[in-house]
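> Before I ask anything, here is the structure I am working with.
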Amino acid sequence: MEKSCTIQDVFERFYPVYKKTHEIPAHHRKTAFHIMNCKTGAFGVNISVCEECGCISVHNNSCRSRCCPMCQEFPKEKWIDAQKENVLDTPYYHVVFTVPEELNPVIYSNQKLLYDALYHAASSTLNELAKDSKYLGADIGYICILHTWGSAMNYHPHIHTIVLGGGLDKDNKWKDTGGKFFLPYGGVAKVFRGKYLCELKSLWNDSKLEFHGTAEKYQNHYCFKELLDECYKKDWVAYCKETFNGAQSVINYLGKYTHRIAISNHRIKSMTETTVTYAVKDYKNKGQWKEKTVPGEEFIRRFLMHVPPKRFVRIRHYGLLSCRNKSKKMTHCRNLLGCKKYISALKNRSAAEMIKLLYNIDVCMCSSCGGKMVPHLPDKHTPSVLAYMRC
C-alpha cells in the first residue's frame, strides 16, 4: 500500500484503464490531461541562471486548471486579496441553498442549464425577500459559489452564498438588522423551491432538457410531472451558517469556498494496485472523519463528475457586489458606515513579488550563493542548460 500519494498519482495509475471503458467528454479529458501533466515539464519550463555563480534553476510550469489541486493556492490568494477592496466592517452571513437528491439525475444530464438555474433561483430569492419591507427593505450584495460534491465525492449540487448583512434602502441609506440574519430560513427555502421548479418546468416546456442514464425515464411527461409533484411536497433546505464578525474574518473565510475542488491531496490516505482510500466526513456522526476505500476507476469517475462545463463561471457577484455596482455603491456604503477601505496588497505586483509577499520565498535569489537569478532562454550556445533539461 502506497502512502502520501496525490490525485496526480491516482490519475496516472487508473485513468489509462478508465478511458478505455468509459465515454469521456472533451472537457473531462482535458482536465485529466492537465492533472497528469501538471509540473512535469509538459507545459514548458522557466529557466533562471545566477549572475554570480552560474547556478541553473529549472521550474516546471503548472497546468493552471481550476480542477487541479496543485494549482489552486496562488489563484485563491490573488482572488481573496482582490476582494479586500469590496469588504465592509459589517456582519456577513453564509447561506446554503440545496435541492432534493431526486433532481440529481436531471441536473447532471443538463449541467449548464440547471446549474445556471440554481444561481437564478438563489439570487432571485435573496433579492425578492431582502427588498420586502417586512424583512429588510433594501438592496443587498452577495457572492454565489457552486459546489457539486459532498464529502465522499458524491453528487450533491448546492449553492454557497456569502451575504452582506445589510443594504441600501430606497433613499440610498444604509439599513441592517443589528447582527441578526434578516430572512426566515423556512421562507427562504419555500421561495427558492418555487423559483427553481418554475424554471425547471419552463425548460421542460421549451424542450431544452436532455435525459441520460438514470434520468431517461423523465422523458415521459407523466414521470416528469410525478418528479415535480414529489419535489413540491418535500421541504427544501436553505440554512444560514455562522456569522462573520469583522471584515478580516470574511476575507480569511472566502478562500475556503471559492477555489475548492472535489477533493484535495491531503485527503488521499493511500493507494493500492486497485483501490484508493481517502478521508470523508461522517455527518451522521457529528462530522467525525473516517476513511473510505473505493476502486481506482470509481475514484476517477467521482472526481470527473465534478468538473464544471467548459467556460462555466462558478463565482458570481450580485447586487451591491456586482461589477457594475461595486465601484460606486460600495464606496457610498463605506462612507455611510464610516469604515476604512482595505487595500489590495498584491495589486500591480509581479508574480515574483507576490510569491515573496505571500510565502516569503524569493524566487529571484540564488539558493547557492544568494546572487540574483535572471530568466534565461536556452539556445545553441548554452549546451549545459539543454543537457540539464534532458536529464
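> By the gyration tensor of its Cα atoms, with a ≥ b ≥ c the square roots of the eigenvalues, what is the shape of region 27-182: rounded for a/c under 1.5, prolate for a/b over b/c, or oblate?
Numbers: a/c = 3.77, a/b = 1.63, b/c = 2.31.
Verdict is oblate for region 27-182.
> How much accessible surface area, in Å² rounded to 10, belongs to the heavy atoms of Y108 with a 1.4 Å probe?
80 Å²
> What's the local net charge at S109, with K and R +1, D and E -1, over the other residues with C-beta under 15 Å away?
Numbers: positive: K112, K208, K217; negative: E23, E101, E102, D116, E210, E216.
After counting each charged neighbour, the total is -3.
> Between 0 and 90 degrees, rounded to the nearest ten: what's the tilt of helix 26-37 against the longest Cα principal axis of the chain?
Result, in degrees: 40.
> Would you mind calculating the gained length between Y283 and K190 on full extension (0.36 nm times residue separation, minus the Cα-Cα distance), in nm to one decimal?
Numbers: separation 93, 0.36 × 93 = 33.48 nm, distance 2.43 nm.
Computed gain between Y283 and K190 is 31.0 nm.
> Sorted by accessible area (1.4 Å probe), largest first, how do R349, R193 line up?
Details: R349 105, R193 45 Å².
Reading off the accessible areas and sorting them downward yields R349, R193.
> Further, regarding this structure: With the Cα gyration tensor of region 274-372 giving a ≥ b ≥ c as the square roots of its eigenvalues, does the rule (a/c under 1.5 for rounded; else a/b larger than b/c for prolate; else oblate) give rounded, prolate or oblate? Don't jump to the answer; show the numbers that get you there.
Values: a/c = 2.25, a/b = 1.28, b/c = 1.77.
It comes out oblate by the Cα gyration axes.
> Treating only the Cβ of Lys, Arg, Asp and Glu as charged (+1, +1, -1, -1), what charge dipole size does the chain show about its Cα centre? Round to the nearest 20 debye.
Details: 57 positive and 37 negative charges, 122 e Å.
Here the size comes out at about 580 debye.
> How big is the accessible area of L203 in square angstrom, nearest 10, if you roll a 1.4 angstrom probe over the protein chains?
20 Å²
> Something else about it: By how many degrees, between 0 and 90 and to the nearest 10, does the Cα long axis of helix 247-258 differ from the longest principal axis of the chain?
It is inclined by approximately 80 degrees.
> Hey, quick one: spin label on K340, modelled 7 Å out along Cα-Cβ, who in region 68-92 has an amide N within reach, i.e. under 18 Å?
Flagged as within label range: 81-91.
> Helix-derived [θ] at 222 nm for the chain: sum -39500 (n - 2.57) over DSSP H runs of at least 4, divide by residue count, nearest 500?
Numbers: 12 runs with 144 residues, N = 391.
Calculated from helices alone, the mean residue ellipticity at 222 nm is -11500 deg cm²/dmol.
> Placing +1 on the Cβ of each Lys and Arg and -1 on the Cβ of each Asp and Glu in region 328-376, which of I361, M373, H332 has its Cα farthest towards the positive end of the resulting dipole?
Result: H332, furthest along the dipole toward the positive end.
> Between H59, V17, N37, whose Cα lies farthest towards the positive end of the dipole of region 1-69 when Lys and Arg beta carbons carry +1 and Asp and Glu beta carbons carry -1, centred on the Cα centre?
So the residue we want is V17.
> For region 177-257, rounded, prolate or oblate, judged on the Cα gyration tensor with a ≥ b ≥ c (square roots of eigenvalues), a/c < 1.5 rounded, else prolate if a/b > b/c? Let's see the in-between values first.
On the way: a/c = 3.41, a/b = 2.21, b/c = 1.55.
Taking the square roots of the gyration eigenvalues as a ≥ b ≥ c, region 177-257 is prolate.
> Beyond a 28 Å Cα-Cα separation, which of these cross-linked pairs lie in this structure: K20/K269; K76/K241; K195/K310; K173/K233?
Among K20/K269; K76/K241; K195/K310; K173/K233, the Cα-Cα distance tops 28 Å for K173/K233.
> Quick check: at a probe of 1.4 Å, how many percent of the accessible area of the chain sits on carbon and sulfur atoms? Intermediate results must be reported in sequence, preceding the final value.
Values: 10380 of 20700 Å².
Summing carbon and sulfur atoms, their accessible area is 50 percent of the total for the chain.
The values are calculated or read from the model by the stated rules, or taken from the named source; none is laboratory data. Quick caveat: nothing in here was measured; it's all calculated off a predicted structure. Every residue, glycine as well, gets a Cβ built from its backbone with ideal geometry; the counts of neighbours run over all protein chains shown. Quick note on the areas: whole protein, heavy atoms, side chains included, nothing else; ligands and nucleic acids left out. Shrake-Rupley method; radii C 1.70, N 1.55, O 1.52, S 1.80 Å.
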